[in-house]
Structures are given as C-alpha cells and as structure tokens.
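Asks: My questions all concern the structure below.
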Amino acid sequence: MSKRSKNHHYVPKVLQRSFLAEPNHIWFSKRELGGEYCAPYLKHIDKAFYSRNYYTIVHNDELSDTIEREHYGVIDNYLGEVVPEFISALERGAAPVFSGIPLDSIKEVVLEMAKRTPEFPRPHNDLEIGKELIERTLVELGKKKDLSEYVKTSSVLGDSSKLIELGRSIRVRATISRSDRVAAALSELSVRWATIPSKHAYILSSLMVYRVGNGGSNALNDPKTELWMPISPRFALVVLHDPGSKIPLIVRDSPRHVRKINEYAARNSSEIGSHSRKLIESITGKRARV
C-alpha cells in the first residue's frame, strides 16, 4: 500500500508554475495574525498554497487521502494537460475553442477550483464542524435513551483530534458534492478569455476563482455573474452568461480592471502570489524580503 499523502495543495502546482518568478519559486505573501499581509518573499511551490491533511477524510475508520488522489489529483492532471495548451494558443492570438464534453469539463473544473479554496464558502473550522456533529448525535441518542452509545459518543467531545478528523471529513465530502441545480446553471454558461498587455499582470491567490456579481447577486444563475480564473500573469479564463454569443472569444482587459481584480483577490484571500516582486509589493504595501 502506498504511503498516504499529507501535503495537499488547494492551488495546484500545475497552476503555480505559470506564475514562477524563479525556477520553482513564486513571490508569496500570507496574512498574519493582525490581518495584514506579511512582507513578500520567494517561496518554493512545494510549500506554497497548501495545508497538511487538507483533504484527508475518515474512510473505513482510517485516515485516507482518497479525495486528494482520486478527485483533486484527476483535476490537477487535467489542468496540467490543458493549461499549457491554453496559454500557447493565447500567446499566438488564438482562442481555445470547446464544444461538447471538453466544454463541460473545463466549466466543471473552474467550479471545483472555486470550491476547493479555504475561502469557500467562508473560512472553515473543522473542529467546530466535528463538535457540532457530535452534539447533534448526542441529542438524538438522548431521545432514544441509548445510554451505552451516548457515553461512547460523548467521550469524543474531549478528543480534539477526533473532532477535527470528523469535521474535516464532513467539510471535504460536502465540498465535492454535486447538485442538479448547479449542473443546470453551468450548462447555461460560456467560456471566454481575458488578455492583458505584458506591462500588467494578474496575481495568483488562495481564492483562485473570483465570482464577480457586477451589481447582481453573483449566483451562478444570475445573468451578471462572471467567474474569473487567472491561468497566467497575462491570461484569465472567464465563465459567464452570453446567450446571444455577443462577447468575443478573446477580450482585452483594461489595466484599471486588472487592478480591481487583483485587489479583490487580495482582499478576499489569505495568501497571494506573483511572478513579479514589484506587483506583489504594490498589492501588499510591503517591501519584499530578499
């Protein structure tokens, strides 16, 4: 049996590689206890945008990395294949064009990337999730007057590691769950591409996909909703409503809008990265550590 993986990236390394500042390193900053970003520094992508056991679940009474391997591993392999192709086409001025299953796949991947972030739907607390589950279970056991099971279950409340394992399993399984309503909303969306001049750039962030409401509710079925996912400093994949196919496949993003996107990403994320020291210094307001 292979060794269980424990270092789980919520921003996959295949995406980080498009934002490298030096071989295998990215300019990186994360929020400190006071809420401000720390001084940016070069960080190896093996250790950036990851958390220990982030997708580990309890399976058959054992800790398992099956979600990391069989769900996110498949997504990351897919991105590793298509993102370089996307970037290559866009650098030539050509838009990657999809239809049928490939189109459905990339829209589903964008949604999965939006959900896998620590910021979705809000910063989680696995300990509290596990504690809430046990407390609800105890209420039900009390109604059934099952004393032996009540005593056994109540003992878990004093074991924080067990509570975290339970809460994490609930959180991970809920994150990867699918719904017919979401699938229907996705089917109505189109894929477009944003490009920007080389003098400007998108940052990378732990939020990864930016759900922009443009004055609407930002729900998937809202006609104004857009999902933005930068795939390199110069290119972003955009999923949006375009029922009349009026929006060009490739749209030139303005420097002002790029700045708004970057500030939105930094404001709503706990970690950010960039290929550019100057850009990340500008976003954080901190001089880099060198």
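Asks: At 1.4 Å probe radius, can you tell me the per residue accessible area of the stretch 134-290 in Å²? Working shown, then result.
Replies: On the way: 8520 Å² over 157 residues.
On a per-residue basis, the stretch 134-290 sits at 54 Å².
Asks: Evaluated at 37 °C with a viscosity of 0.692 mPa s, what Stokes-Einstein diffusion coefficient in µm²/s does the stretch 1-113 have when Rh comes from the Kirkwood expression over alpha-carbon pairs? Provide the component values of the computation, followed by the final result.
Replies: Working: Rh = 16.4 Å.
The calculation lands on 201 µm²/s.
Asks: Still on this structure: For the stretch 143-290, list log₁₀ I(q)/I(0) at each q in 0.09, 0.10 Å⁻¹, using the Debye formula over Cα point scatterers of equal strength and ignoring solvent, two decimals each.
Replies: Treating every Cα as an identical point scatterer, log10 I(q)/I(0) equals -0.46, -0.54.
Asks: With a cut-off of 8 Å between alpha carbons and a minimum separation of six or more residues, what is the relative contact order of the stretch 156-290 in percent? Write down the numbers at each step before the final one.
Replies: Values: 181 pairs, mean separation 35.8, N = 135.
Value for the stretch 156-290: 26 percent.
Asks: Right, another one. Within the stretch 143-268, how many lysine pairs that are 8 or more places apart, or on different chains, have C-alpha atoms less than 23 Å apart? Present the calculation step by step, with values, prior to reporting the outcome.
Replies: On the way: LYS143/LYS152; LYS144/LYS152; LYS152/LYS162; LYS199/LYS260; LYS224/LYS246; LYS224/LYS260.
Going through the stretch 143-268 pair by pair, I get 6.
Asks: Counting Lys and Arg as +1 and Asp and Glu as -1, each charge on the Cβ, what is the dipole of the chain about the Cα centre in debye, to the nearest 20? Show your work: numbers first, answer last.
Replies: Numbers: 44 positive and 35 negative charges, 188 e Å.
Computed charge dipole of the chain: roughly 900 debye.
Asks: Could you rank LYS278, LYS286 by how accessible they are, 1.4 Å probe, largest area first?
Replies: Values: LYS278 165, LYS286 55 Å².
Reading off the accessible areas and sorting them downward yields LYS278, LYS286.
Asks: Can you find, among VAL238, ILE272, THR284, the residue farthest towards the positive end of the dipole of the stretch 234-290? Put +1 on the C-beta of Lys and Arg, -1 on that of Asp and Glu.
Replies: THR284
Asks: Round to a whole number: what % of the accessible area of the chain belongs to carbon and sulfur, probe 1.4 Å? Numbers along the way, then the final one.
Replies: Numbers: 7960 of 15520 Å².
So the carbon and sulfur contribution to the accessible surface is 51 percent.
Asks: How large is log10 I(q)/I(0) at q = 0.08, 0.09 Å⁻¹ when the Debye formula is applied to the Cα atoms of the chain, each weighted equally and without solvent?
Replies: -0.39, -0.49
Asks: Sticking with this structure for a sec: How do ILE164, ILE101, ILE196 stack up against each other in accessible area, from largest to smallest, with a 1.4 angstrom probe?
Replies: Numbers: ILE164 65, ILE101 130, ILE196 0 Å².
Largest accessible area first, the list is ILE101, ILE164, ILE196.
Asks: Heavy-atom accessible area of HIS9 with all protein chains present, probe 1.4 Å, nearest 10 Å²?
Replies: 20
Asks: Would you mind calculating the relative contact order of the chain from Cα pairs under 8 angstrom and at least 6 residues apart, reporting the percent as a whole number?
Replies: Values: 460 pairs, mean separation 73.5, N = 290.
Computed over the chain, the figure is 25 percent.
Asks: Counting only DSSP beta bridges with both residues in the chain, tell me the antiparallel percent, nearest 5. It would help to have the intermediate numbers written out before the result.
Replies: Numbers: 32 of 35 bridges.
Of those bridges, close to 90 percent are antiparallel.
Asks: Using the Cα centre of the stretch 19-61 as the reference point, and only Cβ charges (+1 on K/R, -1 on D/E), how large is the resulting charge dipole? Debye, rounded to the nearest 20.
Replies: Working: 5 positive and 5 negative charges, 8 e Å.
Value, rounded to 20: 40 debye.
Asks: Please give the FRET efficiency for SER190 paired with ASN7, using the beta carbon to beta carbon distance and R0 = 45 Å, rounded to the nearest 0.05. Don't jump to the answer; show the numbers that get you there.
Replies: Working: r = 36 Å, r/R0 = 0.79.
Rounded to the nearest 0.05, the efficiency is 0.80.
Asks: Then there's this: Counting alpha carbon pairs within less than 8 Å and at least 6 residues apart, what relative contact order, in whole percent, applies to the stretch 143-225?
Replies: Relative contact order for the stretch 143-225 comes out at 15 percent.
Asks: List the extent of the Cα atoms of the stretch 93-154 along each of their three principal axes, largest first, rounded to whole Å.
Replies: Taking max minus min along each principal axis of the Cα atoms, the stretch 93-154 gives 68, 25, 15 Å.
Asks: How much accessible surface area, in Å² rounded to 10, belongs to the heavy atoms of GLU68 with a 1.4 Å probe?
Replies: 30
The values are calculated or read from the model by the stated rules, or taken from the named source; none is laboratory data. This structure is a prediction, so every number in the text was calculated from the model and none was measured. FYI the Cβ positions are ideal-geometry reconstructions off the backbone, even for glycines, and counts take in every protein chain you see. These accessible areas exclude ligands, DNA and RNA; they are computed on the full protein's heavy atoms, side chains included. Shrake-Rupley method; radii C 1.70, N 1.55, O 1.52, S 1.80 Å.
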